[in-house]
Each structure stands twice: as C-alpha cells, then as structure tokens.
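Dropping the structure in here first, questions after.
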Amino acid sequence: MKTKVAIIGSGNIGTDLMIKIIRLSPSLEMSVFVGIDPASDGLARAKKMGIQTCHTGIDGLITMQEWKDIKIIFDATSAKAHVYNWDKVKAFPDKKMIDLTPAAIGPYLVPPVNFLDNMDVSNVNMVTCGGQATIPIVAAVSRVAKVHYGEIVASIASKSAGPGTRANIDEFTETTSEAIEKVGGAERGKAIIVLNPAEPPLVMRDTVFTLSEQGDREAIKKSINEMVSEVQKYVPGYELHQEVQFDDIPESDPVFIEGLGLRHGLKTSVLLKVKGAGHYLPEYAGNLDIMTSAARATAERIVIL
C-alpha cells in the first residue's frame, strides 16, 4: 500500500512535485494538493488529474477527512509561510514534513549525503536548488581530504526564477553557505547565485570549488564520480560538464579565506550541468527539478524505513 502525501503550495515547484509523484513514485500516493489561490493553474491541473484539492492552505487541509491518513506533507510555499505551516503540523506527531523553502527550521538534508542521520526527524529542510546540486560534490571531496573551503556558483535561467525564488535570494545564499559547512563538511562555505538572462534559456550550471588538504587525486575523482551516480538515481539530468580539475595552492603562496586566514593545499574544480525532466517545467529549469526530485527521493526513503 502506498503512503499518502499532501503538497502545500500550488506554484511551479509544488505542481512539478505532484506530477513526479503521480508518474514516478512506487511508494507515494497523492492525497491532497493545497494552495491559497483557487484560480491557480496548479490547483486546476490537480483537479483534472483527479486529485483532491484545497484552496485554504494548511488550515483547510487539517479539517479535511483525508488529513488523518496523510503521513508526509511537502511544503513548497515560502520561508515565511513554512513557519506558520509547521506550527500547525507539529501538533500531529504521526506526520513528517519535508520543507522545500529556505526556512530551515529542521536540519538540512541532501539525500545521498546525510539521509541516515536525519531519517527520524519530523521536519527536514531540502536546503536550496544550488545546495542539492553542489553539496554532494563538497561532501565527496570531504570523504577523501579535509575541506577548508567550499564555494559554489549556481547559474540558473532567469525564466526559471519565479517570484518566490527572487524574494528569497538572501536566504538562498545564507542557507546554502551554511549547509556547505554542516552537510558538505567544509570549514567555511560560500554560495553565489546568478540569474542568467540568456535567450533561449540555458540549463542550470553549477561550479564547485574546494580547497582541501592534499589528498589522493584519483581517490577524490572516484569519490566525485560515485556521488554523481548516486544523484543521477533520482535526477537523471545531473552530470559532470567536464573532467574534474586540480590545482596546487603551495604553502609559499597561500590564499586568504575570510574567517580562516591563510590556507594552502589542493584546489578541486567541478563543473556540473542539471537538465530538468520536463514533467511540468521546461527542461532548462533543472534548478527546480532537482529540488522536487530530491524531495521525492527523501520521502520514498522515509517510507522504506
């Protein structure tokens, strides 16, 4: 029997996640799709697909008869709205919440990196699109050599950045930077997001730089390739854009890292490309696709356990 789930947020991310669950999930069943705009395209699509809908947010969902059977709630609203939604959901200990906003009330979770550390937590946070794409790479380097510094640059198509993304730019950089440290294992993390206005829109590109202690380069490369394969299990469009590159930062010519001081060691550069599956959103919106795919993968792992 499949586990029943609800999605709060009828925008692009919520709608794409709903379609992924309906089409792809062997263990999750869409129960209720929730929004606050009765005229939204997402709610209209849900109705056409035979999914129960609610246009009065979490308050309305809790009063529905379907509520008692729902075990997992995805929140695809906003950081501010998630605070309110979680305050309502946490009163029901039999339910788990997967947060796709930058609110970060619960611990950061990147499925192939730290799922087992958080499988019993009631509220987990999916970091950001940039975090889901790049933190696995930082963690892959950390498995081989101590990482002093991790920096990521996420370039996404401007057309794929809706009002919610644009309103949460500051939260994106802060949340991702913190998660590079807490999940990726870097002493210091930094995140940069670029909204690319190119026409036609380009798929998501991510660049990951790490400065670590010297380590076995072949072991680092192998660790990165293995991590890419793990992510591809739930995001088929995730791939290395070119071979992993290495540079020496000699002790005689160290670099200054804010908060750490002078550091030397091995610089690893990784270029990634993320192409969306095109379920609801265009293929260039890989930044949104990796968020919904990671959230689905997390819920499916929770159900297995």
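When you go through Asn168, Asn123, Asn114 one by one, which is the residue that is modelled with pLDDT under 95 and open to solvent by less than 30 Å² (accessible area, probe 1.4 Å)?
The unique qualifying residue is Asn168.
If you don't mind, another one. Would you mind listing the helices (runs of 4 or more DSSP H) fully within segment 115-228 where at least 1 residues are within 30 Å of Trp86 (Cα to Cα) and of a type in the set (D, E, K, R)? Walk me through it before giving the result.
Details: elements: 129-142, 163-167, 169-182.
Here the list reads 163-167, 169-182.
Give me the residue from segment 257-286 that is surrounded by fewer than 16 Cβ atoms within 10 Å (Cβ to Cβ) and without any contact (Cβ under 8 Å) to a residue 60 or more places away in the chain and, out of that set, farthest from Ala140 (Cα to Cα).
Gly278
Could you grab me the full set of residues in segment 28-53 that are part of a loop (DSSP other than H, G, I, E, B) and either buried (at least 16 other Cβ atoms within 10 Å of the Cβ) or not small (Gly, Ala, Ser) (or both)?
First pass over segment 28-53, keeping only residues part of a loop (DSSP other than H, G, I, E, B): 35-40, 49-51.
Correct list: Gly35, Ile36, Asp37, Pro38, Ser40, Met49, Ile51.
Considering only segment 243-256, state which residues are crowded, with 16+ Cβ neighbours inside 10 Å and either closer than 16 Å to Val208 by Cα or free of Cβ contacts under 8 Å to residues at least 12 places away in the same chain (or both).
Val244, the sole residue that qualifies.
Please determine, by comparing only the residues of segment 54-77 that are open to solvent by 40 Å² or more (accessible area, probe 1.4 Å) and within 23 Å of the chain's Cα centre (by Cα), which one is nearest to Thr101 (Cα to Cα).
Among those residues, the one meeting the criterion is Thr77.
Here's a follow-up. Any residue in segment 1-9 that is touching a helix residue (DSSP H, G or I) at 6+ places or on another chain (Cβ under 7 Å), farther than 19 Å from Met126 by Cα and open to solvent by 10 Å² or more (accessible area, probe 1.4 Å)?
yes
The values are calculated or read from the model by the stated rules, or taken from the named source; none is laboratory data. Computed from a predicted model, the values in this text were never measured in an experiment. Counting neighbours? That spans all protein chains shown, and the Cβs are built from the backbone with ideal geometry, glycine included. Surface areas here come from the heavy atoms of the whole protein model, side chains and all, with no ligands, DNA or RNA. Shrake-Rupley method; radii C 1.70, N 1.55, O 1.52, S 1.80 Å.
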